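Below is one structure, written out as structure tokens; the observations come after it.
The values are calculated or read from the model by the stated rules, or taken from the named source; none is laboratory data. As the structure is a computational prediction, the values presented were derived from the model and not from experiment. Don't worry about glycine lacking a Cβ; one is built from the backbone with ideal geometry, like all the others, and counts go over all protein chains shown.
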Amino acid sequence: MSQFYPTAIHGNPGSVTEIDSGLPRDPVREQLGEASLRILAGVIPASTLAELRQQVLSRSDSFPWKAVNARILRDPVDDAVLLQRCLRAQRDWVVRGGPQRSRRALKARGKSTLAYFVARGIYFALYTVAVVVLLILLRQTWPSADIYRVLEWLRDALPGLFVRH
């Protein structure tokens, strides 16, 4: 099955043709491709996945890829179902723009949003305190300084920006 692809895309629905990739035939690569197609299509039974998970977790030294692929390929699969599911998964992958990303839980997003607004509030408060302290120091250092003179200058320079009462 791994060397066959539908030509339905080219207008001949239901027919299958062999594609010549120009690469030498490699049985290991074909087996890996077939196992990957089955994983992508989601046609591996849950019991097989549980068995494989246990087998992989029991081996801490290396990944038993030969045994895993042999076990995946041992289960019979309907080629038409496999093909349809693979094409659907491929289409979804392309539309999505890559691997599926798990969305964070609503509670976690709410916490980070709350943390964002709290941080912004603290920044605003610190900035306001700094500006008030700067204005007080300016008034103490130069008692003759009139901070409202700058406002009058801005009103004269940009008359449409400030409304006079």
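Taking the conditions (1) more than 27 Å from GLN31 (Cα to Cα); (2) aliphatic (A, V, I, L, M); (3) touching a strand residue (DSSP E or B) at 6+ places or on another chain (Cβ under 8 Å) in turn, LEU87 satisfies each one other than (1). Can you find a residue that is in contact (Cβ under 8 Å) with a residue 60 or more places away in the chain and in contact with a helix residue (DSSP H, G or I) (Cβ under 9 Å, 6 or more places away or on another chain) anywhere in region 87-106? So far as region 87-106 goes, yes, one or more of its residues are in contact (Cβ under 8 Å) with a residue 60 or more places away in the chain and in contact with a helix residue (DSSP H, G or I) (Cβ under 9 Å, 6 or more places away or on another chain). How many residues does region 51-73 contain that are part of a loop (DSSP other than H, G, I, E, B) and not charged (D, E, K, R)? Residues that pass the stated criteria total 4. Scanning region 67-77 for residues that are of a type in the set (Lys, Arg) and either over 31 Å from the mean Cα position of the chain (by Cα) or loosely packed, with under 11 Cβ neighbours inside 10 Å (or both) turns up just one, ARG74. Of all residue pairs spaced 6 or more apart or on separate chains, those with beta-carbon atoms under 7 Å, a first member in region 59-83 that is in contact (Cβ under 8 Å) with a residue 12 or more places away in the chain and under 13 Å from LEU49 (Cα atoms) and a second member that is of a type outside the set (Val, Ile, Thr) and not in a helix (DSSP H, G or I) are ASP75/PRO45.
Filtered by the rule that a residue be among the aliphatic types (A, V, I, L, M), loosely packed, with under 13 Cβ neighbours inside 10 Å and at pLDDT below 50, region 1-51 gives a lone residue, ILE9.
Residues of region 86-112 that are within 18 Å of ALA41 (Cα to Cα) and either modelled with pLDDT of 85 or more or in a helix (DSSP H, G or I) (or both): CYS86, LEU87, ARG88, ALA89, GLN90, ARG91, ASP92, TRP93, VAL94, VAL95, ARG96. Out of the residues in region 113-165 that are under 45 Å from the mean Cα position of the chain (by Cα) and of a type in the set (S, T, N, Q), which is modelled with the lowest pLDDT? If we take residues in region 113-165 being under 45 Å from the mean Cα position of the chain (by Cα) and of a type in the set (S, T, N, Q), then THR113 is modelled with the lowest pLDDT. Looking at ASP79 and the list (1) touching a strand residue (DSSP E or B) at 6+ places or on another chain (Cβ under 9 Å); (2) within 30 Å of ARG149 (Cβ to Cβ), which single condition is not satisfied? Result: ASP79 passes all but (2).
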